[in-house]
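Rule-based calculations on the coordinates, nothing more; no lab input. Computed from a prediction, not measured in an experiment: that's the story for all the values here. Methodologically, a virtual Cβ is constructed for each residue, glycine included, from the backbone with ideal geometry; neighbour enumeration extends over all protein chains shown.
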Amino acid sequence: MKILVCIKQVPDSAQIRVHPVTNTIMRQGVPTIINPYDLFSLEEALKLRDKFGGEVTTLTMGPPMAADALRKTMAIGADRAILLTDRFFAGADTLATTYALAQAINKIQKTWGALDLVFTGKQTIDGDTAQVGPGVAKRLGLLQLTYVSKIVEADEEKREVVIERRAEGGTQVLKTKMPCLIAMLEGTNEVRRGSISDSLRAARADIITWSAKDAEIEDLTKCGLKGSPTIVKKVFAPPVRTDRAAFVEPGKNAGDSADVLIEAIFKRHPALEDDMTKLASGF
Amino acid sequence: MSDKPAPAAPQQSRASAKKELPEHFRGYKHVWVFVELERGEVHPVSWELLGAGRKLADQLNVDLAAVVLGSPGDATRKAVNESFFYGADLAYLVEDSILGDYRNEPYSKAVTQLVNTHKPEILLLGATTLGRDLAGSVATTLLTGLTADCTELAVDADGSLAATRPTFGGSLLCTIYTLNYRPQMATVRPRQLPTPVRDETRTGRVIEFKADLDEDTIITKLLKFIPDRESAKSNLAFADVVVAGGLGLQSAENYQLVRNLATVLGAEFGGSRPLVQKGWISSDRQIGQTGKSIRPKLYIAAGISGAIQHRVGVEGADCIVAINTDKNAPIFDFAHIGIVTDAIRLLPALTEAFRKRLSPENADRLAG
Ligand SMILES: Cc1cc2nc3c(=O)[nH]c(=O)nc-3n(C[C@H](O)[C@H](O)[C@H](O)COP(=O)(O)OP(=O)(O)OC[C@H]3O[C@@H](n4cnc5c(N)ncnc54)[C@H](O)[C@@H]3O)c2cc1C
Ligand SMILES: Cc1cc2nc3c(=O)[nH]c(=O)nc-3n(C[C@H](O)[C@H](O)[C@H](O)COP(=O)(O)OP(=O)(O)OC[C@H]3O[C@@H](n4cnc5c(N)ncnc54)[C@H](O)[C@@H]3O)c2cc1C
């Protein structure tokens, strides 16, 4: 089975700090990681490869340093990794991102054969739009399965895939055909650590690096900032409310504090006491 | 390279270079809201969107249209009427048995055909599992811009949609435009916007649309739908009272204090994102931009700093009470009532005090 997994390198949000005075993001020195959601898709892809044979390729569009994230995917077990990097891609919104990715995926298929499955993560932790998966699927004409909690069956012979998908109020069990695009839900599998031989292989491996030209991307006006219909017009701090919180002075002990706090709440919202009394007694 | 909303000056200069809207987009008019009808029920985010859409349409002096897709039947017709009650002037109705359960293929086809025929300038969808799955496909097919997970929608002086969402990492928001393409698309999270008043006297025009769909060409089939167990559903988004904890609680054991208070109040409980990452609470209990948005009457936040991603999920609450040891914590900038104290000590006392105050005897006394 030939499988591709799209991954993105993102700043480790746990370590992001905001400059207290300028209110800007302090990126310097913030370590980068593989977008955590992508790991669940990578794991699922590796499981399928282990079962059916074949190969798992990982792909990212990003700056040259995104090669680190790709190397990591190889240490986890991916067979091949491709970095799509070019200044033309800078400033891409999701539409421009999916154009470049789809073109690169076409080139991958031309080079190594048709893919059976393409995986993306559910969303990223930085852009957080969840739009790239559906966009890539649409551009490649792949059937699309998002919020997948389980791959029930993948039948290479019949070219059929059965999955469970999170929907509003329940789970859909869907059957579709390969090739298709799958975005796994988080927490749906145990992401492997990768073997020692994999990490040795990854350390030595070449990360295949493609420019726009290498990926045979013809229309550069569809890439990067140029190819992005969305425009970020303004970045601003949320309006500071003129009325900051009304502070309640803590009492002598926690019990006193609790009493004055409750008093303050019901004084500000008199109707609440009645509502809450009903709620508390299980109405 | 993909961090374009980082606060960098060059982008702002580029953004001001607005071109004329291309000729073929000039005919795009009216504001549309996709009404999410699944298994006979409309997702409440649709009404919230109609409320926001109404304001945009009034400002632009255009119509507000509901887009209703579903299998022929009462539920679908009812969704149309309800859309009028919540503010729509007209409804585009696509009735087809293929559209009974949500599947990406027929839904994205139908919506795309509808857009290409009737040409809206703005198209809004809920940022739900269905809405996000659909919006990305539709926007890509139409090759237009899509702004995700907005917290605020407005029309600027030129009549363009200004869609605001939090930016990564910091305490910042960004406003995104789709200036030269139509429709301008955005998704908005459930409970981010208020539900408009329902007015049963309102009616509107129904425009039936026959989409070109054929079950034989739809490859994906629904084998089964397994409804969630009632008990598995958290009612966080729709609860009247919510108690939440953050890292200030310091341990999973201390988080129990939040649950205890919630139990006494008959409230739902939740927390900030780090608690999910630490495994103290499940992910459906996360409150904020990447969790649930809530609009309770009372929100009690204990040991939560109030980062922007948290703030955007709770600002719809009528009364926000913050308990934090740091008087400079950002949460006090948007809380209504604050107390600077140790939550680990206050919570048990608060639980006891509420238990007494809200006891049935007290209720009788109040009533009498
Ligand atoms: C704060 C912020 C807000 C933004 N808002 C918008 C917006 O509203 N609309 C918009 O169109 N753009 C927006 N962008 C731009 C957008 O983030 C970029 O286009 C980005 O390259 C892809 O989107 P994402 O990070 O949201 O990915 P998502 O769509 O959330 O990612 C889903 C999956 O797609 C795959 N994927 C995503 N990016 C790549 C990549 N570069 N290489 C390989 N695979 C990838 C991964 O598997 C990932 O898990 C925003 C960016 C930022 C930083
Ligand atoms: C893309 C992205 C999406 C995100 N989405 C979300 C989201 O949906 N929801 C969310 O919540 N976060 C989200 N975050 C994380 C967010 O930026 C913050 O990191 C997070 O909200 C902080 O959680 P916290 O307030 O619990 O912890 P902290 O910021 O560490 O705050 C702890 C607070 O507790 C106080 N404290 C300490 N001890 C005590 C005590 N004994 N009693 C009382 N107070 C005490 C401290 O003064 C401090 O203010 C997101 C981040 C990113 C980058």
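Points worth noting:
- When its C-alpha radius of gyration is set against 2.2 N^0.38 Å (N residues), chain B gives a value of 1.09.
- For segment B:231-367, the convex hull drawn through the C-alpha positions has a volume of 109 cubic angstrom per residue.
- Value of relative contact order over segment B:26-217, rounded to a whole percent, pairs C-alpha under 8 Å and six or more apart: 28
- For segment B:26-217, the alpha-carbon coordinates run over 46, 40, 33 Å along the three principal axes, in decreasing order.
- Other protein chain Cβ atoms within 10 Å, averaged over every residue that makes up B:130-138: 6
- Mean Kyte hydropathy of 0.0 or more with a Cα span along the axis of at least 24 Å, helices from DSSP in chain A: A:94-112
- Shape class of segment A:2-222 from the Cα gyration tensor (axes a ≥ b ≥ c, square roots of the eigenvalues): rounded, since a/c falls below 1.5.
- Three-way shape label, segment A:240-283, alpha-carbon gyration tensor, a/c 1.5: oblate
- A simple packing score, the average count of other Cβ atoms within 10 Å per residue, orders the peptides A:38-44, A:81-87, A:103-109 as A:38-44, A:81-87, A:103-109, with the highest score first.
- Modelled FRET efficiency - R0 60 Å, residue B:23 with residue B:352, Cβ distances, 0.05 increments: 0.30
- Among A:63, A:270, A:31, the largest mean-square fluctuation in a Gaussian network model of chain A, built with springs joining Cα atoms closer than 10 Å, belongs to A:270.
- Peptide B:215-223, shielding by other chains (average Cβ, 10 Å cutoff): 4
- Inter-label distance for residue B:226 and residue A:206, nm, one decimal - labels placed 7 Å from Cα along Cα-to-Cβ: 4.6
- Using only Cα coordinates, the Kirkwood hydrodynamic radius of the protein assembly as shown works out to 26.0 Å.
- Within 10 Å of each Cβ in A:85-96, the average number of Cβ atoms from other chains: 4
- Radius 9 Å from Cβ of residue B:129, net charge of other residues (Lys, Arg +1; Asp, Glu -1): +1
- Order by protection proxy (mean Cβ within 10 Å, highest first), peptides B:86-93, B:277-284, A:147-154: B:86-93, A:147-154, B:277-284
- Where GluC sites (Glu not before Pro) in DSSP loops with at most 15 other Cβ within 10 Å are excluded, longest remaining stretch of chain B: B:21-199
- Net charge of the neighbourhood of residue B:63, taken over other residues with C-beta under 14 Å away and scored Lys/Arg +1, Asp/Glu -1, is +3.
- Charge context of residue A:213, other residues only, Cβ under 13 angstrom, K/R +1, D/E -1: -3
- GNM top mover of B:323, B:218, B:122 - chain B, alpha-carbon springs below 10 Å: B:218
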